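Student: The structure that follows is given in the form of structure tokens.
The values are calculated or read from the model by the stated rules, or taken from the named source; none is laboratory data. The model shown is predicted, which means the values in this text are computed figures rather than measured ones. Using ideal geometry, Cβ is built from the backbone for each residue, glycine included, and neighbour counts are taken over all protein chains shown. Each accessible area value is taken on the protein alone, full model and side chains, heavy atoms only, with ligands, DNA and RNA left out. Shrake-Rupley method; radii C 1.70, N 1.55, O 1.52, S 1.80 Å.
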Amino acid sequence: DYCAEGYLCELNTTTNKYEVFRGLTGKGTETEPYLINNLSDLVFFRDHVNAGKTRYNAPGVWVALDADIDMVSVDWSVNIGDDCNSTFDGIFDGKGYTLSNLNSTETAQKTDYYVCTGLFGAIYDNAVVKNFTIENVTINTGEFTGNNAAAVVGFAHSCTGSVENVNVIGNVNINAKNVTGTAAIVGYDYSGKLTVKDCSVIANQGSVITGAAYVGGIVGYASSNSTLNGNTVNNINIDA
């Protein structure tokens, strides 16, 4: 619970005492979402999701950007929902802000066959990702094999939610030559009813997306129940 404005109390099960820690401000509702103000907040949120915690990651919980964020100083090879098991299940609203210089270089083969690389490695259930821009993306999965790589969402697993009004612009270089299901917005949509709408890829000259198979600008692989509307792609080479 909240102990003071912006601070949370959590029970330490070892000492059986409540301790104060700094969390994201907000209440997780549509009108008062949990807010990400800087790169430290974004990394904190990622680690929270990957640890399987639910305060900032559960169906119906809203998280929002509250500023533009430059990601140049961090290697995003650990993604939000990194191993395809600790998925993002909530609502992420970018509020029109920009995340710039997303760089991900895989340095170790993950434990399962799913690479799940992107800003969000994997989303699930009725998750929603919307309303932001990623400017300049470099993803390199090296010699590693597997499925699912994209700038925004690597893997949508049994997802009935949506990815909407997300733009990928600037220098876009996704080198995932041994990865199946590769794109700029969603790499692989598996067995769901995902909606991808009003998204765009507007790349600089020389930008390229490379994958083993199922490679696209917006979506690499879309299930038969997917809905794609109002999406545009400009000036990017696709190599499968």
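Student: For region 183-236, report the % of Cα-Cα distances exceeding 18 Å.
Tutor: On the way: 420 of 1431 pairs.
Here the tail beyond 18 Å accounts for 29 percent of pairs.
Student: Probe radius 1.4 Å, ligands and nucleic acids left out: which of His157, His48 has the largest accessible area, and how do the rest follow?
Tutor: Details: His157 60, His48 20 Å².
Listed by decreasing accessible area, they come as His157, His48.
Student: Taking Cα pairs under 8 Å and at least six residues apart, what relative contact order does the chain come out at, in percent?
Tutor: Details: 770 pairs, mean separation 30.5, N = 240.
Over the chain, the number comes to 13 percent.
Student: Here is a follow-up. Using Cα positions and a limit of under 21 Å, work out the lysines in reach of Lys197, with same-chain residues fewer than 8 apart set aside.
Tutor: Correct list for Lys197: Lys95, Lys130.
Student: Let me ask something additional. Most fluctuating residue of Phe132, Phe144, Phe45 in a GNM of the chain with Cα springs under 10 Å: which is it?
Tutor: Phe144
Student: Using 7 Å Cα-to-Cβ label points, what is the Thr160/Asp70 separation (nm, one decimal)?
Tutor: In this crude spin-label approximation the distance works out to 4.3 nm.
Student: For the chain, report the convex hull volume of the alpha-carbon atoms normalised per residue, in Å³, without decimals.
Tutor: 116 Å³
Student: For region 124-240, just say rounded, prolate or oblate: build the C-alpha gyration tensor, square-root its eigenvalues into a ≥ b ≥ c, call rounded for a/c under 1.5, and beyond that prolate if a/b exceeds b/c, oblate if not. Can you show the working numbers first?
Tutor: On the way: a/c = 1.85, a/b = 1.19, b/c = 1.55.
Cα axes put region 124-240 in the oblate bin.
Student: About the Cα centre of the chain, what is the dipole size in debye to 20, counting +1 per Lys and Arg Cβ and -1 per Asp and Glu Cβ, all else neutral?
Tutor: The calculated dipole for the chain is roughly 300 debye.
Student: Pick out which of Asp70, Asp82, Asp189 has the largest mean-square fluctuation in a Gaussian network model of the chain, springs linking Cα atoms closer than 10 Å.
Tutor: The residue with the greatest mean-square fluctuation here is Asp70.
Student: Right, next: Rounded to the nearest 0.05, what FRET efficiency is calculated for Asn225 and Thr145 with R0 set to 41 Å and r the Cβ-Cβ distance?
Tutor: About 0.95, to the nearest 0.05.
Student: So how tilted is helix 39-50 from the main axis of the chain? Cα-based, degrees 0 to 90, rounded to 10.
Tutor: Once rounded, one gets 90 degrees.
Student: Evaluate the charge dipole of region 61-170 about its Cα centre and quote only its size in Debye, nearest 20, assuming +1 on the Cβ of each Lys and Arg and -1 on the Cβ of each Asp and Glu.
Tutor: Computed about the Cα centre, the dipole is about 160 debye.
Student: With springs only between Cα atoms under 10 Å, which of Thr133, Thr117, Thr25 fluctuates most in a Gaussian network model of the chain?
Tutor: Among Thr133, Thr117, Thr25, the largest GNM mean-square fluctuation belongs to Thr25.
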